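Asker: Quick one: structure below, then a few questions.
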Amino acid sequence: MKNRDKILTAAKRLFNDHGFVNVRLQHISDDTIISVGNIAYHFKNKEAIVSHIFEELEQKQKDLLIEYRHTPIFANVDRIFSVLRELQEEYSFFYTDIVEIKRSYPLLFEKINQFFRYQVLLFEEIIRFNISRGALLKEETEQHTHFLASLIIKHLSSWRTFSITWLENTNENLEAMSDSIWNILFPYMSKSGKEEYQINKEQKVKIYPADKIHESKSGQKDL
């Protein structure tokens, strides 16, 4: 692994574990055994490191949302929620330390805010797609499209902080996040939309049981 990649990997882990305000370049140097001078060669300061990590997160989220942009049926929307939840785990400090980021790096925070608005626009498209295919009630949903999309993104963005404060079980955490967002949309679903949602929920239970995967005595994984 190149030094640049080592620096980013270590910084992300240290920021997640200790909070980015508590991590200095010296800590990253100690962890990677790369001198502070060498770190500064790749990234002039800590803000540059945080900015680059955000660009990674931003690109992964854009790739995900674009992938399902044209076929956002409920099963795919649920997949979006699940992957966004996984990204929150991988880049957790962006969600738990957002107030400190705003105070320390206002220009970076503005980029994050712009990306927030971008996500809202994409979820507006997802909502309109589901109105057009009859899964959401047109007369009930159209006028609330922006409000619903904003509410969904706010839930997603704040979920990491909520979950580490109040939830402990990983499976409960993932299922609770999905359910909380679907509860926003449920009152706006048509009869066929509610049936589709229920089928998707039942299939998820079969594919992702509440119990964790256990190691059998033979060493093989079983459900």
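The values are calculated or read from the model by the stated rules, or taken from the named source; none is laboratory data. Just so it is clear, the model here is predicted, and its values are computed rather than measured. Cβ coordinates were reconstructed from backbone atoms using ideal geometry, including for glycine residues, and neighbour counts include every protein chain displayed. The area values use the complete protein model at the heavy-atom level, side chains included, leaving out ligands, DNA and RNA. Shrake-Rupley method; radii C 1.70, N 1.55, O 1.52, S 1.80 Å.
Asker: Could you tell me how many of the residues in the stretch 13-37 are open to solvent by less than 50 Å² (accessible area, probe 1.4 Å) and either assigned to a helix (DSSP H, G or I) or closer than 21 Å to residue 102 by Cβ (or both)?
Answerer: 10
Asker: Every residue in the stretch 38-55 that is aromatic (Phe, Trp, Tyr), under 16 Å from residue 2 (Cα atoms) and in a helix (DSSP H, G or I), please.
Answerer: Across the stretch 38-55, the qualifying residue is only 41.
Asker: With respect to residue 163, is the statement that it is within 27 Å of residue 50 (Cα to Cα), touching a residue at least 60 places away in the same chain (Cβ under 8 Å) and either in a helix (DSSP H, G or I) or open to solvent by 70 Å² or more (accessible area, probe 1.4 Å) (or both) true?
Answerer: It is false that residue 163 is within 27 Å of residue 50 (Cα to Cα), touching a residue at least 60 places away in the same chain (Cβ under 8 Å) and either in a helix (DSSP H, G or I) or open to solvent by 70 Å² or more (accessible area, probe 1.4 Å) (or both).
Asker: May I pose another question? Which residues, counting only those in the stretch 63-76, are charged (D, E, K, R) and either surrounded by 16 or more Cβ atoms within 10 Å (Cβ to Cβ) or modelled with pLDDT of 90 or more (or both)?
Answerer: 63
Asker: Tell me, yes or no, whether the stretch 157-173 has at least one residue that is modelled with pLDDT of 90 or more and among the small types (Gly, Ala, Ser).
Answerer: no
Asker: Mind checking which residues of the stretch 67-78 are without any contact (Cβ under 8 Å) to a residue 40 or more places away in the chain and either hydrophobic (A, V, I, L, M, F, W, C) or part of a helix (DSSP H, G or I) (or both)?
Answerer: 67, 76
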